[in-house]
Amino acid sequence: MARLSAVGIDVEIPSGWDARIYRRPSGEVRPALAAGASAAGSHAVVHAGNFPLPAARGDFGSGAVEVMREGDVLVVLFEYGPESAGTPLFAAQGPPAALTADRFSPRALQRVIPGQMGTQVFFTTANRAFCLYVVLATRASPGPLVGLVNPVLASLTTNV
């Protein structure tokens, strides 16, 4: 595992994974936002995958999900504006330490792609509002791929 730290986010990335933490420049167009959330300002984005991430990616993984193959995993952490922290959508406190296979569905994807399933978790931590978005490329049980994601989630920390 390698530790990746930037913009108040720390996460351990498994060996062989590709990952980036960055801030989207202010004013740059972003993909669909959750109802009531703002894209104003510049907020953190994390992309981590067990496959080579393409250089051109949308905040929620467009550009990456199209190249995913069976067994690939994409983890996205997207920060919303400070006005979203603690609102009903982001009421959960802290990121999940682990996910279960039953949380994943093709209907949770930003765009349905055959052979993929996803989940979204909205939460507030350190007065920052986030969406965790995970995509699994599998036609079988998601359990083994969820097992790849959970160590990454367990290592995730944020601060102001």
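The values are calculated or read from the model by the stated rules, or taken from the named source; none is laboratory data. Nothing here was measured: the structure is a model prediction, and the numbers come from that model. Note that we place each Cβ from the backbone using ideal geometry, even for glycine, and neighbour counts take in every protein chain shown. The protein model used for the area step is the full one, side chains on, heavy atoms only, and it has no ligands, DNA or RNA in it. Shrake-Rupley method; radii C 1.70, N 1.55, O 1.52, S 1.80 Å.
Yes or no: Ala137 at pLDDT 95 or above and over 24 Å from Pro88 (Cα atoms)? Steps first, please.
On the way: at pLDDT 95 or above: yes; over 24 Å from Pro88 (Cα atoms): yes.
Criteria met by Ala137.
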**OP:** Working only within the stretch 70-114, note down all residues that are part of a loop (DSSP other than H, G, I, E, B), open to solvent by 70 Å² or more (accessible area, probe 1.4 Å) and among the acidic types (Asp, Glu).
**Re:** Glu70
Original post:
Identify, please: which residue in the stretch 130-155 is over 24 Å from Gly63 (Cα atoms) and open to solvent by less than 40 Å² (accessible area, probe 1.4 Å) and is, among those, farthest from the chain's Cα centre (by Cα)?
Top reply: Gly143
Subject >> Where a residue in the stretch 135-148 is part of a strand (DSSP E or B) and its partner, wherever it lies, is open to solvent by 40 Å² or more (accessible area, probe 1.4 Å), with Cβ under 9 Å and at least six apart >> reply: Val135/Gln110; Leu136/Leu148; Ala137/Arg69; Ala137/Glu70
**OP:** For residues that are open to solvent by 70 Å² or more (accessible area, probe 1.4 Å), over 18 Å from Asp72 (Cβ atoms) and touching a helix residue (DSSP H, G or I) at 6+ places or on another chain (Cβ under 9 Å), scanning just the stretch 1-59, find the one that is modelled with the highest pLDDT.
**Re:** Arg3
